[in-house]
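Right, one structure below, let's go through it.
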2 protein chains.
Amino acid sequence: MVDTAQRPTPSRPNAVDTDTGPVRVAGDPDAPRIDLPALQHTLLGTWADVRLKARELTARPDLQRIEGQSMADHRLRVLDQLKILADNGHVHRAFPVALGGSDDHGGNIAGFEELVTADPSLQIKAGVQWGLFGAAVLHLGTTAHHEKWLPGIMTLDVPGVFAMTETGHGSDVAAIGTTATYDVEAGNFVLHTPFRAAWKDYLGNAANDGIAAVVFAQLISQGVNHGVHAFYVPLRDETGAFLPGIGGEDDGLKGGLNGIDNGRLHFDSVRVPRENLLNRYGDVAVDGSYTSPIGSPGRRFFTMLGTLVQGRVSLDGAATQASALALTIAIRYGSERRQFTAGSDTDEEVILDYQRHQRRLIPRLATAYAQTFAHDEFLVKFDQVFSGAAATDLDRQDLETLAAALKPLSTWNALDTLQEAREACGGAGFLAENRLVGLRADLDVYATFEGDNNVLLQLVAKRLLTDYNRKFAGADAGALARYVVQQTAGRAYHGSGLRRLGQSVADLGSTARSVGQLRETGTQRALLTDRVETMIAGIAQSLRNASKLPKKEAADLFNSHQNELIEAARAHAELLQWEAFTRAVESTTHAGTRQVLTWLRDLFGLRLIEEHAAWYLINGRLSGKRAQAVTAYIDRIIARLRPHALDLVNAFGYAPEHLRAAIATGAERERQVEARQYYRDQRAAGTVPVPEKPACRS
Amino acid sequence: MVDTAQRPTPSRPNAVDTDTGPVRVAGDPDAPRIDLPALQHTLLGTWADVRLKARELTARPDLQRIEGQSMADHRLRVLDQLKILADNGHVHRAFPVALGGSDDHGGNIAGFEELVTADPSLQIKAGVQWGLFGAAVLHLGTTAHHEKWLPGIMTLDVPGVFAMTETGHGSDVAAIGTTATYDVEAGNFVLHTPFRAAWKDYLGNAANDGIAAVVFAQLISQGVNHGVHAFYVPLRDETGAFLPGIGGEDDGLKGGLNGIDNGRLHFDSVRVPRENLLNRYGDVAVDGSYTSPIGSPGRRFFTMLGTLVQGRVSLDGAATQASALALTIAIRYGSERRQFTAGSDTDEEVILDYQRHQRRLIPRLATAYAQTFAHDEFLVKFDQVFSGAAATDLDRQDLETLAAALKPLSTWNALDTLQEAREACGGAGFLAENRLVGLRADLDVYATFEGDNNVLLQLVAKRLLTDYNRKFAGADAGALARYVVQQTAGRAYHGSGLRRLGQSVADLGSTARSVGQLRETGTQRALLTDRVETMIAGIAQSLRNASKLPKKEAADLFNSHQNELIEAARAHAELLQWEAFTRAVESTTHAGTRQVLTWLRDLFGLRLIEEHAAWYLINGRLSGKRAQAVTAYIDRIIARLRPHALDLVNAFGYAPEHLRAAIATGAERERQVEARQYYRDQRAAGTVPVPEKPACRS
């Protein structure tokens, strides 16, 4: 355990003297204390037991990454690790009980995303096998498919490929070029790649290991294109050679995740039996006639894609874990590392005592907490939909919107946090042995796979607009109303006291009152909610005539607001995280923990308001004076959280086997102790060389 | 050459109708055209000839990186590449004419930083050998040292190490632990590492190749510590084994730059001749008496470190090149790649026509231009100081402040730009073959080596504070006055019409006027300058009593403003970049080029104002209405720059051999042409499968 000496934070002369509550500093015996075991348990969330079991696995050296392995060796190692996971059943929770699984969807994801701390390549390759390839057979196929193929998939006897993305189409799956044309004479489908851009690409397991694939293609029968459907397609024979008509190539080295053999596939009139169509949402009879339980091709397409939302759920969780790991490393190092004497002739300052260092790490810690709580709620929602406990169309849509909102923020934030942590550890942070650079390299692609972050946020914005427009059409308010647009635009502003904050105050000296207000949950909620609502209402107003315009003009009009739309979606996602954080605070009973979490939640909320201060000022929601109070109060909370920073990262609960970073597990402390002792001994012995006296020889 | 069809940007209904100047769109025959060859030459800067020669070198495959090499192979390859550079003299420009160099300091750096496009490891390893190890002998040693050691350094017969940083001290070099104690009996120095934290660390050439080093150590003679000095120390014998008393280890795998053998060194009472002290700024006589041409130990220390400023100069240039390369790749790809039909039933949109995509890339292009121009001025300043053309103490201090201001912004910006470019290229951007991920990994450490970016910005802020305080003490205004603090705080605000912008305008409908104002160079300058001045004045006011406080309290007071200080320094650096951009625009004679560059400069300036809009609003410099006009006008300029984006990246002048990214050199275009032709043929032949008609079977 880290036992770095903590010094009281500076008393901050010149800071705004505003806090009306009790001021507590670390040296203060009345300072709140965190109940660490309880907080650890809270952070583990709803599937704490699964996570603790998973962490036993991820502590095993044979499941961990060896930094610096060649791509070939890394790939072999991860394939072997997948066999371990298949053997011990860790990856079977989501599969049917009848086949040896446990129909446990939430627990499955919880266990799966923990793998990121062992090796992100392991997490993602397991995700390809069981979360994409296996899940496609499970969710898009029917009983016969399950019985025939799932056992081999579960045991890894059949490593497989999820062949959706093409070189030419990533985000726009509906436009893929691969065709599956039903040949009524032969009674089978002909899979074909019509041009180079339609090669399947970036597919895990495609370069080497996959012996079968679920291939997405335009289903054509009787001259009609029924849209994208999934087909089970054998790829390679027992020797590993491609079957006739199938070709491919290796994607080669990537920016990260090099334990996975990503590659390309193409099909030259490859025939598969009619029964290989995964036919849950659409089927072709022997005579070529097409039937589907979903009449609308559009809704059918989104339903099929929607069954694969778990990829986004697990990326949100894995990215959050990576952020937590990075902050644990950087904050432990920052609590031990010393540099520059400032307030003393002999003692160098602990770098986390520098204001800038605190500003770099502690707000990101607040964000990691917000994400952790939001992710757990997200996972519960996912479990409800996939277990059938709450699985209406509306629930599914809400889940997808939630996924499209949270995954971009957490994956981007992981990159930002890993980079800041890397820089905060200086040269040591750049060494592979301290893990930050490797994690960052691996997590990079999380921002664009399983849905490009910008595209996902645009989907969220469209949903918000739809809900907004529905309300004004007098229709059912729509499910997202539960998340945001509960009120007509402006209601939060006009009805909740925000006008007072926005007033161009002549009340000098009232900063105390405005800080008091800013700390109120209701004020933060109102400010954050109001921003989302007002932005969406403004865009809706600008786009109100779009439906009457010719297609090209409507597209141009929409495009001219695309940036605003994405910003509104981000604001919505931030609000979701803030709400989840607030619920977590409100359900905390231990007084000390609750106090510290409240500060951390305030920091998270006020940082968002600070970041978007220009918006609040322009729209008259905050006066200049109040906006300044936000920043001053943030400085104050950060200083107050400083003494708790170590507890707050230790609450993530990672053991040294999970961290595996020398600088976070004792090396720096030892060095500091030794160096300080050396100088102390010198001073005691009177052998310190005297400093040169300034002369004026030149 | 890229010949992507460009469509006119949307006419932007609902945008603020404000521009009083001529509206020009791409389809408009009156639209300005860039004089591409002339702009290419401008961007090459003062040492265009050297850069063009360097680009012949960096186009050679044998000097380029092979992605995916093992660390061992990569190290060997880069060492061999260094021999090529030594043989052809590319790296000798800064050395004395007498020894075969050409005393050309600016040209040396210009040629050196171009190497980043071949392989950042090559750039940095060459920098270690000739820019740090060699330059230390050159600048800290005297003639005898030059004659004895420089020839072997120049030819690479003596690969060497620049042993300054220790595990325990990076930013605070003055506090390193290694000692060099003069033994008057033996007449030599004893180099010693007293504890683990004093091991030299992260040193290029230390793990394998270095057979000598310049070691920085506390010089102790006659019981007095004269501070940090540099010593020439042989490290390894002919077999590559460490000499007696010397030990070390390999830093192992890093986040990037793995072509360089970074490692650690430690010394157990290693003796070197008295003459091995590089004695330009301090010498020890046989009897142990110490002399120096610089009386103040502090000033001596900074003078010695200051001779090594070229590291920062070259990182600023290399980071700028990496940004330019990344934008060339992403903008070419974005001009060819298509995704989603929006305004048409058959044609997908070119992704750079999406507003969001433009917002992601075009402002970063403006920044890359600003950095390019600022870097060239920086290099001229460097050359003046090092050639002696303008080398007063003040010039040296200005140069160091400039380095400390520009290097952080350009290195951070390179990481940001490389990442955005990577994401903008989706999965293709994550493949090593498209280079963005490799460059980002290599450039990562540029943010913390040769001066941690946050520490450097704090130095800038201290300098700004000093100048500010000097002025108020009535003393000489100080050199930085030339850059920023030319006026007493508030003068820009009160004296230049900014009050009008800040007025809480009731003048609805006057947006046109405010946009007109925002486009004025004087307005942008005033706004940017005012912010720096006001921030510095505010901090100075808060710190005014610090010198009267006890050390600890003064340190705490300073610390409580550290974040603001760093933000003020950043604002200063942004202003320097803006000023350089403005000078470049003003010296452009070709009307079309000048028009486009003016838009790009406006975009750079207004983006800064938008980013800091909250500050301008809080401080009454902009009204809410004007702040909104800033954003609306930015949208407008971006749309206007869109048709010039390809020209603007092509003006960086990189050939396919420099880009070496398939997606930027034709692959994507070929795929798009083939796919579009396929569908066109299908439509012409009437063989397109008809889309399914929505039914209501469920």
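Name the residue that is nearest to the other protein chains (Cβ to nearest Cβ), counting only residues in the stretch A:279-291 that are open to solvent by 10 Å² or more (accessible area, probe 1.4 Å) and either among the aliphatic types (A, V, I, L, M) or in a loop (DSSP other than H, G, I, E, B) (or both).
Of the stretch A:279-291, the ones open to solvent by 10 Å² or more (accessible area, probe 1.4 Å) are A:279-281, A:283, A:285-287, A:289-291.
The next check asks that each one be either among the aliphatic types (A, V, I, L, M) or in a loop (DSSP other than H, G, I, E, B) (or both); those that pass are A:279-281, A:285-287, A:289.
Working: A:279: 14, A:280: 13, A:281: 10, A:285: 14, A:286: 19, A:287: 17, A:289: 12 Å.
Among residues in the stretch A:279-291 that are open to solvent by 10 Å² or more (accessible area, probe 1.4 Å) and either among the aliphatic types (A, V, I, L, M) or in a loop (DSSP other than H, G, I, E, B) (or both), the one nearest to the other protein chains (Cβ to nearest Cβ) is A:281.
Residues of the stretch B:586-620 being more than 10 Å from chain A (Cβ to nearest Cβ) and either of a type in the set (S, T, N, Q) or open to solvent by 20 Å² or more (accessible area, probe 1.4 Å) (or both), which ones?
Once the filter is applied, which keeps residues that are more than 10 Å from chain A (Cβ to nearest Cβ) and either of a type in the set (S, T, N, Q) or open to solvent by 20 Å² or more (accessible area, probe 1.4 Å) (or both), the stretch B:586-620 yields B:586, B:587, B:588, B:589, B:590, B:591, B:593, B:594, B:595, B:598, B:607.
Looking at this structure, is residue A:583 part of a helix (DSSP H, G or I), more than 10 Å from every other protein chain (Cβ to nearest Cβ) and open to solvent by 10 Å² or more (accessible area, probe 1.4 Å)? Let's see the steps before the verdict.
Numbers: part of a helix (DSSP H, G or I): yes; more than 10 Å from every other protein chain (Cβ to nearest Cβ): yes; open to solvent by 10 Å² or more (accessible area, probe 1.4 Å): yes.
Against the criterion (part of a helix (DSSP H, G or I), more than 10 Å from every other protein chain (Cβ to nearest Cβ) and open to solvent by 10 Å² or more (accessible area, probe 1.4 Å)), residue A:583 qualifies.
Select, from A:671, A:660, the only residue that is more than 9 Å from every other protein chain (Cβ to nearest Cβ), open to solvent by 10 Å² or more (accessible area, probe 1.4 Å), more than 30 Å from residue B:630 (Cα to Cα) and of a type in the set (D, E, K, R).
Exactly one of A:671, A:660 is more than 9 Å from every other protein chain (Cβ to nearest Cβ), open to solvent by 10 Å² or more (accessible area, probe 1.4 Å), more than 30 Å from residue B:630 (Cα to Cα) and of a type in the set (D, E, K, R), namely A:660.
In this structure, is residue A:301 in contact with a Phe, Trp or Tyr (Cβ under 6 Å, 6 or more places away or on another chain) and not small (Gly, Ala, Ser)?
Numbers: in contact with a Phe, Trp or Tyr (Cβ under 6 Å, 6 or more places away or on another chain): no; not small (Gly, Ala, Ser): yes.
Considered against the rule, which asks whether it is in contact with a Phe, Trp or Tyr (Cβ under 6 Å, 6 or more places away or on another chain) and not small (Gly, Ala, Ser), residue A:301 comes out as no.
Could you list, in sequence order, all residues of the stretch A:31-56 that are among the aliphatic types (A, V, I, L, M) and closer than 16 Å to residue A:593 by Cβ? Let's see the steps before the verdict.
Of the residues in the stretch A:31-56, the ones among the aliphatic types (A, V, I, L, M) are A:31, A:34, A:36, A:38-39, A:43-44, A:48, A:50, A:52, A:54.
Result: A:31, A:34, A:36, A:38, A:39, A:43, A:44.
Residues checked against (1) part of a helix (DSSP H, G or I); (2) touching a strand residue (DSSP E or B) at 6+ places or on another chain (Cβ under 6 Å); (3) modelled with pLDDT of 95 or more; (4) not β-branched (Val, Ile, Thr):
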{"site": "B:622", "(1), (2), (3), (4)": "no, no, no, yes"}
{"site": "B:628", "(1), (2), (3), (4)": "yes, no, no, yes"}
{"site": "B:640", "(1), (2), (3), (4)": "yes, no, yes, yes"}
{"site": "B:647", "(1), (2), (3), (4)": "yes, no, yes, yes"}
{"site": "B:653", "(1), (2), (3), (4)": "no, no, yes, yes"}
{"site": "B:658", "(1), (2), (3), (4)": "yes, no, yes, yes"}
{"site": "B:671", "(1), (2), (3), (4)": "yes, no, yes, yes"}
{"site": "B:675", "(1), (2), (3), (4)": "yes, no, yes, yes"}
{"site": "B:694", "(1), (2), (3), (4)": "no, no, no, yes"}
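Among the residues of the stretch B:263-278, write down those that are more than 14 Å from every other protein chain (Cβ to nearest Cβ) and under 32 Å from the mean Cα position of the chain (by Cα). Full working, then the answer.
Taking the stretch B:263-278 as the starting set, the residues that turn out to be more than 14 Å from every other protein chain (Cβ to nearest Cβ) are B:265, B:267-278.
Matches in the stretch B:263-278: B:265, B:278.
Of the residues that sit in the stretch A:309-351 and are of a type in the set (S, T, N, Q) and in a loop (DSSP other than H, G, I, E, B), which one is surrounded by the most Cβ atoms within 10 Å (Cβ to Cβ)?
Looking only at the stretch A:309-351, we keep the residues that are of a type in the set (S, T, N, Q), and these are A:310, A:314, A:320-321, A:323, A:328, A:335, A:339, A:341, A:344, A:346.
From what is left, the residues that are in a loop (DSSP other than H, G, I, E, B) are A:335, A:344, A:346.
Details: A:335: 23, A:344: 11, A:346: 10.
Within the stretch A:309-351, the match that is surrounded by the most Cβ atoms within 10 Å (Cβ to Cβ) is A:335.
In the stretch A:536-578, what residues are more than 13 Å from residue A:460 (Cα to Cα), within 14 Å of chain B (Cβ to nearest Cβ) and open to solvent by 30 Å² or more (accessible area, probe 1.4 Å)?
A:538, A:541, A:544, A:545, A:548, A:549, A:550, A:551, A:552, A:553, A:558
Taking residue B:437, is it open to solvent by 10 Å² or more (accessible area, probe 1.4 Å) and without any contact (Cβ under 8 Å) to a residue 24 or more places away in the chain? Walk me through it before giving the result.
Working: open to solvent by 10 Å² or more (accessible area, probe 1.4 Å): yes; without any contact (Cβ under 8 Å) to a residue 24 or more places away in the chain: yes.
For residue B:437, the condition - open to solvent by 10 Å² or more (accessible area, probe 1.4 Å) and without any contact (Cβ under 8 Å) to a residue 24 or more places away in the chain - is met.
I'm trying to understand the selection: among the residues of the stretch A:200-217, which are more than 14 Å from chain B (Cβ to nearest Cβ), more than 16 Å from residue A:276 (Cβ to Cβ) and surrounded by fewer than 24 Cβ atoms within 10 Å (Cβ to Cβ)?
Residues of the stretch A:200-217 that are more than 14 Å from chain B (Cβ to nearest Cβ), as a first pass: A:205, A:208-216.
Applying the additional criterion that residues be more than 16 Å from residue A:276 (Cβ to Cβ) yields A:205, A:208-209.
A:208, the sole residue that qualifies.
With respect to the numbered conditions (1) modelled with pLDDT under 50; (2) in a helix (DSSP H, G or I), which one is the sole condition not fulfilled by residue B:488?
Here residue B:488 clears every test but (2).
Can you pull out the residues in the stretch B:161-186 that are more than 14 Å from every other protein chain (Cβ to nearest Cβ) and either farther than 29 Å from residue B:224 by Cβ or open to solvent by 40 Å² or more (accessible area, probe 1.4 Å) (or both)?
Correct list: B:184, B:185, B:186.
Among the residues of the stretch B:413-427 satisfying the criterion of being of a type in the set (Gly, Ala, Ser) and within 8 Å of chain A (Cβ to nearest Cβ), which is surrounded by the most Cβ atoms within 10 Å (Cβ to Cβ)? I'd like the intermediate steps shown before the answer.
Let us first name the residues in the stretch B:413-427 that are of a type in the set (Gly, Ala, Ser), namely B:414, B:421, B:424, B:426-427.
Going one step further and asking which of them are within 8 Å of chain A (Cβ to nearest Cβ), we end up with B:426-427.
Numbers: B:426: 23, B:427: 19.
Once the filter is applied, the top-ranked residue is B:426.
Please verify whether residue A:627 is touching a residue at least 12 places away in the same chain (Cβ under 8 Å), small (Gly, Ala, Ser), open to solvent by less than 10 Å² (accessible area, probe 1.4 Å) and facing chain B (nearest Cβ under 9 Å), treating the condition exactly as stated. Break it down into steps so the answer makes sense when it comes.
Values: touching a residue at least 12 places away in the same chain (Cβ under 8 Å): yes; small (Gly, Ala, Ser): yes; open to solvent by less than 10 Å² (accessible area, probe 1.4 Å): yes; facing chain B (nearest Cβ under 9 Å): yes.
Against the criterion (touching a residue at least 12 places away in the same chain (Cβ under 8 Å), small (Gly, Ala, Ser), open to solvent by less than 10 Å² (accessible area, probe 1.4 Å) and facing chain B (nearest Cβ under 9 Å)), residue A:627 qualifies.
Among the candidates B:227, B:223, which residue alone is modelled with pLDDT of 95 or more, of a type outside the set (Asp, Glu), at positive phi and more than 33 Å from the chain's Cα centre (by Cα)?
Values: B:227 fails: more than 33 Å from the chain's Cα centre (by Cα).
Result: B:223 is the single residue among B:227, B:223 that is modelled with pLDDT of 95 or more, of a type outside the set (Asp, Glu), at positive phi and more than 33 Å from the chain's Cα centre (by Cα).
Which of the helices (runs of 4 or more DSSP H) found entirely inside the stretch A:360-475 contain at least 1 residues meeting this: within 12 Å of the chain's Cα centre (by Cα)?
Working: elements: A:393-424, A:426-430, A:436-443, A:453-472.
Once the helices (runs of 4 or more DSSP H) in the stretch A:360-475 are filtered for at least 1 residues that are within 12 Å of the chain's Cα centre (by Cα), what remains is A:393-424, A:436-443, A:453-472.
From (1) out of contact with any Leu (no Cβ under 6 Å at 6 or more places or on another chain); (2) within 30 Å of residue A:455 (Cα to Cα), pick out the condition that doesn't hold for residue A:566.
Every listed condition holds for residue A:566 apart from (1).
Filter the stretch B:440-460 for residues that are under 13 Å from residue B:407 (Cβ atoms), open to solvent by less than 10 Å² (accessible area, probe 1.4 Å) and more than 7 Å from every other protein chain (Cβ to nearest Cβ) and give the result.
B:443, B:446, B:453, B:456, B:457, B:460
Would you check if there is a residue in the stretch B:104-125 being surrounded by fewer than 23 Cβ atoms within 10 Å (Cβ to Cβ), within 29 Å of residue B:230 (Cβ to Cβ) and out of contact with any helix residue (DSSP H, G or I) (no Cβ under 9 Å at 6 or more places or on another chain)?
For the stretch B:104-125, residues surrounded by fewer than 23 Cβ atoms within 10 Å (Cβ to Cβ), within 29 Å of residue B:230 (Cβ to Cβ) and out of contact with any helix residue (DSSP H, G or I) (no Cβ under 9 Å at 6 or more places or on another chain): absent.
Residues checked against (1) polar (S, T, N, Q); (2) within 8 Å of chain B (Cβ to nearest Cβ):
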position: A:348; (1), (2): no, yes
position: A:355; (1), (2): yes, yes
position: A:367; (1), (2): yes, no
position: A:380; (1), (2): no, no
position: A:386; (1), (2): no, no
position: A:404; (1), (2): no, no
position: A:429; (1), (2): no, yes
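Just give me the residues in the stretch A:83-103 being surrounded by fewer than 21 Cβ atoms within 10 Å (Cβ to Cβ) and part of a helix (DSSP H, G or I), in sequence order.
Scanning the stretch A:83-103 gives A:83, A:84, A:86, A:87, A:88, A:97, A:98, A:99.
For the list (1) touching a residue at least 24 places away in the same chain (Cβ under 8 Å); (2) of a type in the set (D, E, K, R); (3) surrounded by fewer than 19 Cβ atoms within 10 Å (Cβ to Cβ), I need the number of the one condition that residue A:640 fails.
(3)
Inside the stretch B:113-177, counting only helices (runs of 4 or more DSSP H) that do not spill past its ends, which hold 1 or more residues that are hydroxyl-bearing (Ser, Thr, Tyr), within 30 Å of residue A:425 (Cα to Cα) and under 18 Å from the mean Cα position of the chain (by Cα)?
Numbers: elements: B:120-126, B:134-140, B:143-155.
By residue number, B:120-126.
Taking interchain pairs and intrachain pairs at least six residues apart, which have beta carbon atoms under 7 angstrom, with the first residue in the stretch B:227-238 and under 15 Å from residue B:139 (Cβ atoms) and the second open to solvent by 10 Å² or more (accessible area, probe 1.4 Å) and in a strand (DSSP E or B)?
B:228/B:218
The values are calculated or read from the model by the stated rules, or taken from the named source; none is laboratory data. No experiment lies behind these values; they were computed from the predicted model shown. Reconstructed Cβ throughout: ideal geometry from the backbone, glycine too, with neighbour counts over all protein chains shown. In case anyone asks, the SASA skips ligands and DNA or RNA and just uses the protein heavy atoms, side chains included. Shrake-Rupley method; radii C 1.70, N 1.55, O 1.52, S 1.80 Å.
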